[in-house]
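Presented below is the structure to which this report refers.
The values are calculated or read from the model by the stated rules, or taken from the named source; none is laboratory data. Keep in mind that this is a model prediction, so the values were computed, not measured. Cβ coordinates were reconstructed from backbone atoms using ideal geometry, including for glycine residues, and neighbour counts include every protein chain displayed.
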């Protein structure tokens with residue numbers, strides 16, 4: 001069993017793009033959602049798929065079980081999703097010895113941009129890039145599970161103050 005320890009931030013500018021990889025197009029759907037656990041299916045570039053089960057131990061650490069599954073199975077499960085299928089492109093950005101994942105959302109969550117960094121321990125203190133905005137670690141409004149069941153009505157719903165410079 002793996003542990004997922006991460007911090008999450010809104011993104012305040014486009015300055016991350018210069019160090020980013022080419023990105024991976026993700027479709028993500030939840031087939032089970034509860035307050036402290038979820039089961040989701042993720043399709044990556046329409047070529048690979050994973051089933052992931054997460055069980056929360058707190059705001060920063062969760063148990064995570066992840067398995068490769070056939071793309072056809074993922075598509076079938078997505079057709080039975082609870083709420084919306086999340087659309088986003090994930091970019092990896094190396095900074096200060098850590099890999100930051102920047103998710104640029106589309107669809108119902110167009111204009112939302114969130115950065116996450118996975119840690120080895122809760123006490124890790126990565127150098128924070130200048131392009132980060134407010135920290136939202138532990139804020140349930142920014143979990144993909146919440147976003148799947150609560151579409152954005154406007155940019156203001158998530159207090160985004162996004163500036164491209």
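Are there any strands (runs of 3 or more DSSP E) wholly within the range 57-148 with 2 or more residues that are within 16 Å of residue 16 (Cα to Cα), and if so which? Steps first, answer last, please.
Values: elements: 61-69, 82-95, 98-105, 113-118, 132-135.
By residue number, 82-95, 98-105, 113-118, 132-135.
State yes or no: is residue 43 at pLDDT below 95, surrounded by 18 or more Cβ atoms within 10 Å (Cβ to Cβ) and at negative phi?
no
Would you check if there is a residue in the range 67-81 being in contact (Cβ under 8 Å) with a residue 40 or more places away in the chain and within 26 Å of residue 5 (Cβ to Cβ)? Give the derivation first.
First pass over the range 67-81, keeping only residues in contact (Cβ under 8 Å) with a residue 40 or more places away in the chain: 77-78, 80-81.
Filter once more, so that each one left must be within 26 Å of residue 5 (Cβ to Cβ): none.
Checked against the condition, which is being in contact (Cβ under 8 Å) with a residue 40 or more places away in the chain and within 26 Å of residue 5 (Cβ to Cβ), the range 67-81 yields no hits at all.
Please determine, by comparing only the residues of the range 47-58 that are loosely packed, with under 14 Cβ neighbours inside 10 Å and either out of contact with any strand residue (DSSP E or B) (no Cβ under 8 Å at 6 or more places or on another chain) or at pLDDT 95 or above (or both), which one is nearest to residue 3 (Cα to Cα).
The qualifying residue nearest to residue 3 (Cα to Cα) is 58.
Please specify each residue of the range 126-147 satisfying the condition of being out of contact with any strand residue (DSSP E or B) (no Cβ under 9 Å at 6 or more places or on another chain) and touching a residue at least 24 places away in the same chain (Cβ under 8 Å).
Listed by number, the list holds a single entry, 130.
Does any residue of the range 133-141 turn out to be at positive phi and surrounded by fewer than 18 Cβ atoms within 10 Å (Cβ to Cβ)?
Residues of the range 133-141 at positive phi: 138.
Those left that are additionally surrounded by fewer than 18 Cβ atoms within 10 Å (Cβ to Cβ): 138.
The answer is yes, given that some residue of the range 133-141 is at positive phi and surrounded by fewer than 18 Cβ atoms within 10 Å (Cβ to Cβ).
Is it the case, given these coordinates, that residue 81 is modelled with pLDDT of 90 or more and closer than 17 Å to residue 24 by Cβ? Show your work before the answer.
Details: modelled with pLDDT of 90 or more: yes; closer than 17 Å to residue 24 by Cβ: no.
For residue 81, the condition - modelled with pLDDT of 90 or more and closer than 17 Å to residue 24 by Cβ - is not met.
Considering only the range 16-30, state which residues are assigned to a strand (DSSP E or B) and surrounded by 15 or more Cβ atoms within 10 Å (Cβ to Cβ).
Let us first name the residues in the range 16-30 that are assigned to a strand (DSSP E or B), namely 20, 24-30.
Of everything in the range 16-30, those that are assigned to a strand (DSSP E or B) and surrounded by 15 or more Cβ atoms within 10 Å (Cβ to Cβ) turn out to be 20, 24, 26, 27, 28, 29, 30.
Considering each residue of the range 86-110, count those that are within 14 Å of residue 148 (Cα to Cα) and surrounded by fewer than 18 Cβ atoms within 10 Å (Cβ to Cβ), and give that number. Show your work before the answer.
Kept after step one, since they are within 14 Å of residue 148 (Cα to Cα), are these residues of the range 86-110: 86-88, 105-110.
From what is left, the residues that are surrounded by fewer than 18 Cβ atoms within 10 Å (Cβ to Cβ) are 87, 106-108, 110.
Selection size over the range 86-110: 5.
Looking only at residues in the range 31-40 that are in contact with a helix residue (DSSP H, G or I) (Cβ under 6 Å, 6 or more places away or on another chain) and closer than 20 Å to residue 3 by Cα, which one is surrounded by the most Cβ atoms within 10 Å (Cβ to Cβ)? Let's see the steps before the verdict.
Step one: of the range 31-40, the residues in contact with a helix residue (DSSP H, G or I) (Cβ under 6 Å, 6 or more places away or on another chain) are 31, 33, 38.
Then drop every residue that is not closer than 20 Å to residue 3 by Cα, which leaves 33, 38.
Values: 33: 17, 38: 21.
Checking each candidate, the answer is 38.
Does the range 1-15 hold any residues that are closer than 26 Å to residue 78 by Cα and surrounded by fewer than 17 Cβ atoms within 10 Å (Cβ to Cβ), and which are they?
Answer for the range 1-15, where residues must be closer than 26 Å to residue 78 by Cα and surrounded by fewer than 17 Cβ atoms within 10 Å (Cβ to Cβ): 1, 2, 3, 6.
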